[in-house]
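The values are calculated or read from the model by the stated rules, or taken from the named source; none is laboratory data. Computed from a prediction, not measured in an experiment: that's the story for all the values here. For neighbour counting, all protein chains shown are included, and Cβ atoms are generated from backbone atoms with ideal geometry for every residue, glycine included. What goes into the accessible areas is simple: the full protein's heavy atoms, side chains included, and nothing from ligands, DNA or RNA. Shrake-Rupley method; radii C 1.70, N 1.55, O 1.52, S 1.80 Å.
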Amino acid sequence: MPGADSGEVQEKQLWDAAADKEQRLTPSRCNHARNVSQPEKKLQEAICVLLVELCERFTFFGIVCNMILFCTVRLGYRNYQAAIVNMCFVGTSMLTPVLVGWLAECLVGRTKLVCICMFLHFLGTALLPVVAFPFEDIYIDRRHILLHTLTKKEQKIVFYFALLTASLGIGGIRAIVCPLSAYNLEDCGPKELLSFFNWFYWLINLNSAVVFVSISYIQQSVARNLGFLIPFVSILMAMITIHMVRGEMIYKPKTDSSLLTTFGVIASALKTCCVRYRYFGGGVTNWLDHAKENYGGHYSEIQVESTKSLARLFPLFAFQILYRTCIMQIPSGYYLQTMNSNLNFSGFVLPIAAMNVISIVPLLILVPILECINSCLFSSKGSGRSPTIYIVVGQLSAALSVMVAGFSEIHRKHFPQVEQTLSEEILLVSSMPCFHLTPQYVLLGVAEALVTPSCSLLSFWLVPERIRGISMHFLTLFNGAGCFMGAFFVQTAHTGTQGNWFPHLLHEGKLERFFFFLASLMMVNTLGFWTIAHRYNNLNQEYTSEFRGALPEERLLKHDKDIKHYDSVLDCSPILSPVETT
């Protein structure tokens, strides 16, 4: 049947042609669908990252806001010990994102590590209200059940374990789920970056204001069962994170640079530098050049140049240590002052940590004003102006705040003492209303509004794009060092003065001397930064092309070819000029 065979052949050819046409149309349809869903996915990803960020900050501030009250009243700690514990917890929570980020990059997968960190975070936040914070007794079926059956020693062990696990969980969330690079800031200019950092910290501080008012009242008042809101928020955050993992929304950074590479460049340069100066003498313009392969090191040109641009920011980072120590007076020294002042306001006992809101209000007010100023600062005629003046003024405001705190302490001790009940404990406190401490809180709030966004901008903008995450890690490391520096100052002041400068009973000691000492150090710190601020004054592209270490690929290619050309000059005569070879 030849006719039938030819008909079958024609039908098969028609089917093949239709299949080929469908295959050609399918990719375009898929691309169209992908283009439609991509903006929606990015919006969903941004919302999830922001929600996780807010939930994490909610739990963090909920832990910090009344830790000193718990340590002094429930665990029987001295004031300086409670302040040290609080500052060390905050410092550890700043350092753990760097550690967890390194683990996620080198040892453990990001998905597995984020699940571990979420579990640790929930474990820590669940142990704190159940074991540590004051939930003394409950009633079940008319039977009185004592919840705290642990001894003081066992309670302290569980308390520290909960703080450690919570800080590790916080580090994982900040490093993996919501790093700064997840907000896609690579294409932003200085004006857009400063605007982003202003509103980013504005939103975080708005969240912290809600926490300080609500959680502090819950933990301090009769509505204690609502204190389990902290682990509930941790569960909510875990659910959002699981959704992000399933939807492949976890940000995966570029792996072309790492913190270990930066430390390796510095170590290699130091090692080679010492050997060369000892035996051969110096011969390079910058000591980090010793880490280059051309000078006996083990790292490429671009790796060393990136590290050099980062090293130029180290003075900026170093001057943030003492500033962060002053900021840490809010949950330590200022908290103790407020705790020992009259909290009664028209028959209502204010939560101690609610005074922190006074330091947040200036930031919430200043950000819209600063946005208008930034529009003039980054105008077309002065698009390269740097906000270093903000940092100088902010650090000066921090120094004045600590100085005012010293005078407020002298003023507070002139008032007679009265009894005040805090967490079912009767304490002798000054009758001075706590609102007399408002100026010192306001000045620190102004300082934070000016300094933190500006430092973030300089740390992010003045380095090549490939190491911006590393630069922000270093800023975090130095901020964490400021917290531990504050704990060191408290321990040294208490030990060196036998408890006089950081006393357990404030009316019997001289806490104001500690504040005056810290204010004098901060003034010197401000003057020191002012002398080097000119290094970061110009953000113009012409200047940053060298300062940021942005080496174009053409320049590197030409450099490599020039090296090969000069290496081979003894073997053969050049045919093409260096310009032609590029």
Kirkwood Rh in Å, taken over all unlike Cα pairs in region 311-553: 19.5
For region 331-472, would you read off the P(r) tail past 24 Å as a percentage of all alpha carbon pairs? 46
With a point put 7 Å past each Cα toward its Cβ, work out how far CYS188 is from ASN344 in nm, to one decimal. 4.9
Can you list residues whose amide H is under 5 Å from SER332's amide H, if they're 5+ apart or on another chain and H is modeled 1.01 Å from N? none
So for R0 = 45 Å, FRET eff. of SER375-LEU236 from the Cβ-Cβ r, to 0.05, ends up at 0.75
List the relative contact order of region 311-553 as a percent without decimals, with contacts defined as Cα pairs under 8 Å and 6+ residues apart. 33
Can you give me the distance in nm between label points at LEU527 and LEU428, each placed 7 Å from the Cα along the Cα-to-Cβ direction? 4.1
Karplus-derived 3J(HN,Hα) from phi for region 299-308 (6.51 cos²θ - 1.76 cosθ + 1.60, θ = phi - 60°), whole Hz, x at Gly and Pro, runs 10, 6, 4, 5, 5, 6, 5, 5, 5, 5
³J(HN,Hα), Karplus 6.51/-1.76/1.60, whole Hz, each residue of region 491-508, x for Gly, Pro: 5, 5, 5, 5, 6, x, 10, 6, x, 6, 7, 9, x, 7, 9, 5, 6, 9
I'd like to check one number: the per residue accessible area of region 311-553, probe 1.4 Å, reported in Å² as a whole number. 39
Apply the Karplus parameterisation 6.51 cos²θ - 1.76 cosθ + 1.60, with θ equal to phi minus 60°, to every residue of region 444-449 and state each ³J(HN,Hα) to the nearest whole Hz, in sequence, with x for glycine and proline. 5, x, 4, 4, 5, 5
Taking a label point 7 Å from the Cα of HIS534 along Cα-to-Cβ, the residues of region 317-355 whose backbone nitrogen sits under 20 Å from it are 317, 319
So who's got an amide H within less than 5 Å of the one on LEU422, skipping anything under 5 residues away but keeping other chains? H placed 1.01 Å off N, in plane. LEU427
Work out, step by step, the length gained on full extension between LYS153 and ASN500: first 0.36 nm times the residue separation, then minus their alpha carbon distance; give nm to one decimal. 122.2 nm
Spin-label point model (7 Å from Cα, Cβ direction): what's the VAL210 to ALA318 distance in nm? 4.2
In whole Å, what is the distance between the alpha-carbon centres of region 74-111 and region 476-541? 20
So between PHE435 and ILE116, what do we pick up on full extension, going 0.36 nm a residue minus the alpha carbon distance? 110.5 nm
